[in-house]
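Below is one structure, written out as structure tokens, with a few remarks after it.
The values are calculated or read from the model by the stated rules, or taken from the named source; none is laboratory data. Note that this is a predicted model, so its numbers are computed, not measured. Cβ: placed from backbone, ideal geometry, glycine included. Neighbour counts: every protein chain shown. Accessible surface is based on the protein model in full, side chains and every heavy atom, while ligands, DNA and RNA are left aside. Shrake-Rupley method; radii C 1.70, N 1.55, O 1.52, S 1.80 Å.
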Amino acid sequence: MKTRKNSFAFFGGAYGDEGKGRIVDKYVSDWAKKGEVVVYRDNGGANAGHTVEFEDGKRIALHQLPSGVFVENTVVILGKGMVLHPADLLEEIRQVRQASGGKIKAKICIDEMAVLSLDTHRAFEAVLKEWQEGSKGATGRGIGPAYADVLLRHPLRMRDLATFSEEKIKKHYLLYESLIFGLGRKLAETLVPRLDKDEKIPVGTLEAFTEQLRKQSRELSPYISSVFDLLKERWADEKTTFIFEKAQAIGLDPRYGVYPDVTSSDTTLGGILSSTEGIINPEKIETRAGVIKATYMSSVGIRKLPTTMDETLATKIREDANEYGATTKRPRGIVYLDLSALRFFREMGLANCLVLTHMDIVYPNVPIKICVGYEKNGKEVSYRPDQEFLNQVTPKYIEMPSWSKDKISQAKTLADLPKEAREFLDFVSRKIGVPILMITTGPKREQGIIF
Ligand code: IMP
């Protein structure tokens, strides 16, 4: 298939938190110097988290807004496939405005078809958490219930907020009030997290809930529109660069992840096709990069991955790489690199290249242990996203020598890479089956090498 020039997609190529926000930041900033960039996000909502660090050391976490919102010459689009929490989104816009010196550099467009994820959803999820196992790991941002509204055919959309359909909002509140009452709780009193509050707050009465939304409607309306004409026109003009920023990761997709620690959105590039109503076929995107961590993998939740790591090394990596959730602050589980799983995610993700982050997480005289395949009942088997299956496999490992952390952190070009790092990259790329686009060699913005 002929690809569309100047188009890039970045997605999590494992179980999340691979550091793709930073890669997107870099590509947006570099390409925006040459011309207009459209940054499009099609999935997830306030469950994502990506911290942007400024030169003066100030940090700000983006959750719903795509990276690129700090860059001149960009249009950032929050697509139909997203679930958006208006109050948190307004707070994020306020923080971005403040950090940008009073004026936001990018143009923000919210698709009027994007689905609302409200305090009602957060409250329902909080109550469900006590009631069923599957919700326990959720970020508490009401993502699952908001997507469930779509499947149950009663979602509220941004358009309903903009036109302020009071009747629909009332019906929505009453539905969640009954659901929560059915589980023995009161919606108005249920506590929910908010981006602008340190403590959780009660959802409040129907009147209070409606009034808050009315105010949010006024403030968000200027950003809400139908984005399809704009998308069609810009996609047809190959001079405009497109950067697709996926949220979460293939291993968290409800169909391709290990249940129950899965999110609810389509984390594959397929989500772009549906979110853009077919305007953008993801197979036409020229660069489709699965972002993974180079020397280990991380996982949040109760899923048990086969490549369990020695706990002393896992603890060291957790501290050195700050492996704590950006949204929930939860410590992440650390496991050995699993090429069997990564091959599966590459295929499901339609990746044609890889970005490897965290190349500096290596230790002297500690070889890198890599799972190259599984055995089950004496037979070679491939990865499957099923906990029962994964409990029965035995990983087969090889070890490769590590490299100097100092050397890799200072490397500016491919030629500066230690020999061991180059051999490792060749091996991983060959085994996963696609070339490498870029690596990162340390936490600073400039510590990245494009292949
Ligand atoms: P939800 O997305 O809040 O519904 O959470 C469902 C599952 O996805 C939980 O196990 C979360 O920890 C996981 N999850 C959601 N977003 C992320 C992320 O950005 N990184 C890692 N895990 C995530």
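For the range 20-76, the gyration tensor built on C-alpha atoms gives an oblate shape. Its axis ratio a/c (a ≥ b ≥ c) is at least 1.5, and a/b is not larger than b/c. Farthest toward the positive end of the dipole of the range 87-219, out of Ala126, Gln95, Val192, is the Cα of Gln95, where the dipole comes from beta carbon charges about the Cα centre.
Residue separation of Glu130 and Lys329 scaled by 0.36 nm, minus their Cα-Cα distance, works out to 69.6 nm of gained length.
Sort Arg141, Arg384 by accessible area with a 1.4 Å probe, largest first.
Numbers: Arg141 50, Arg384 120 Å².
Ranked from most to least accessible, the order is Arg384, Arg141.
Would you work out the relative contact order for the range 115-221, in percent, from Cα pairs under 8 angstrom that are 6 or more residues apart? Please list the in-between numbers first.
Numbers: 127 pairs, mean separation 30.8, N = 107.
Contact order relative to length: 29 percent.
The residue list Ala341, Ile370, Val381 was ranked by how far each Cα lies along the charge dipole of the range 327-431 toward its positive end, using unit charges on Cβ atoms, and Ala341 comes out on top.
Hey, what number do you get for the chain at 222 nm if only DSSP H runs of n ≥ 4 count, each worth -39500 (n - 2.57), divided across all residues, to the nearest 500?
Working: 14 runs with 146 residues, N = 451.
Value at 222 nm, helices only: -9500 deg cm²/dmol.
The residues of the range 131-203 present an accessible area of 59 Å² per residue when probed at 1.4 Å with all protein chains retained.
For the range 291-450, a simple Cβ point-charge model (Lys and Arg +1, Asp and Glu -1, everything else neutral) yields a dipole of about 280 debye relative to the Cα centre.
The alpha carbon gyration tensor of the range 115-221 gives principal lengths a ≥ b ≥ c with a/c of 1.5 or higher and a/b greater than b/c, which makes the shape prolate.
The accessible-area ordering, largest first, of the residues Arg41, Arg153, Arg346 stands as Arg153, Arg346, Arg41, per a 1.4 angstrom probe. Report the relative contact order of the chain, percent, no decimals, based on alpha-carbon pairs under 8 angstrom and at least 6 residues apart. Worked out over the chain, it gives 19 percent.
In the chain, what percentage of the DSSP-assigned beta bridges are antiparallel, given to the nearest 5? If you can, show how the numbers build up before the last one.
Details: 25 of 64 bridges.
About 40 percent, rounded to the nearest 5.
Out of Ser135, Phe70, Ala162, whose Cα points farthest toward the positive end of the dipole of the chain (charges: +1 Lys, Arg; -1 Asp, Glu; placed on Cβ)? Farthest towards the positive end: Phe70. Close Lys pairs in the range 291-450 (alpha-carbon distance under 16 Å; sequence gap of 8 or more, or different chains): 17. In a fully extended conformation the segment linking Leu152 and Phe54 would gain 31.1 nm over its present Cα-Cα distance, using 0.36 nm per residue.
With the simple model of a label 7 Å out from the Cα in the direction of the Cβ, Glu347 to Thr312 spans 3.8 nm.
The residues Arg159, Arg4, sorted by heavy-atom accessible surface at 1.4 Å with ligands and nucleic acids left out, run Arg159, Arg4 from largest to smallest. Counting protein heavy atoms only, the chain has 51 percent of its accessible area on carbon and sulfur, 1.4 angstrom probe. As an exercise, use a Förster radius of 35 Å and the Cβ-Cβ distance of Lys396 and Lys105 to find the FRET efficiency, rounded to the nearest 0.05. Here the calculated transfer efficiency is 0.10. Solvent-accessible area of Tyr363, all protein chains in place: 30 Å² (probe radius 1.4 Å, heavy atoms, ligands and nucleic acids excluded). Between Glu211 and Glu72, full extension at 0.36 nm per residue minus the direct alpha carbon distance yields a gain of 46.6 nm.
Using a 1.4 Å probe, what is the accessible area per residue for the range 17-70, in Å²? Working shown, then result.
Working: 1890 Å² over 54 residues.
Heavy-atom accessible area per residue stands at 35 Å².
Annotation: per residue accessible area for the range 291-450 equals 48 Å², rounded to a whole number [probe 1.4 Å, protein chains only]. With the simple model of a label 7 Å out from the Cα in the direction of the Cβ, Ser221 to Lys33 spans 4.1 nm. In summary, the lysines within cross-link reach of Lys284, defined as a Cα separation below 24 angstrom excluding same-chain residues under 8 places away, comprise Lys2, Lys5, Lys20, Lys26, Lys33, Lys34, Lys80, Lys232, Lys239, Lys246.
Under a point-charge model restricted to the Cβ atoms of Lys and Arg (+1) and Asp and Glu (-1), what is the dipole moment magnitude of the chain relative to its Cα centre, in debye to the nearest 20? Walk me through the numbers on the way to the answer.
Values: 66 positive and 61 negative charges, 94 e Å.
Here the size comes out at about 460 debye.
Note on the range 85-156 and the range 430-445: Cα centroid distance 31 Å, given to the nearest whole angstrom. Pairs of Cα atoms nearer than 8 Å and 6+ residues apart set the relative contact order; for the range 291-450 it is 26 percent. Could you tell me which of rounded, prolate or oblate describes the range 329-450, using a ≥ b ≥ c as the square roots of the eigenvalues of the alpha-carbon gyration tensor, with rounded for a/c under 1.5 and, failing that, prolate when a/b is larger than b/c and oblate otherwise? Judged from the Cα gyration tensor, the range 329-450 comes out prolate (a/c at least 1.5, a/b above b/c).
If R0 is 56 Å, the Cβ-Cβ spacing of Asp198 and Asn377 corresponds to a FRET efficiency of close to 0.60.
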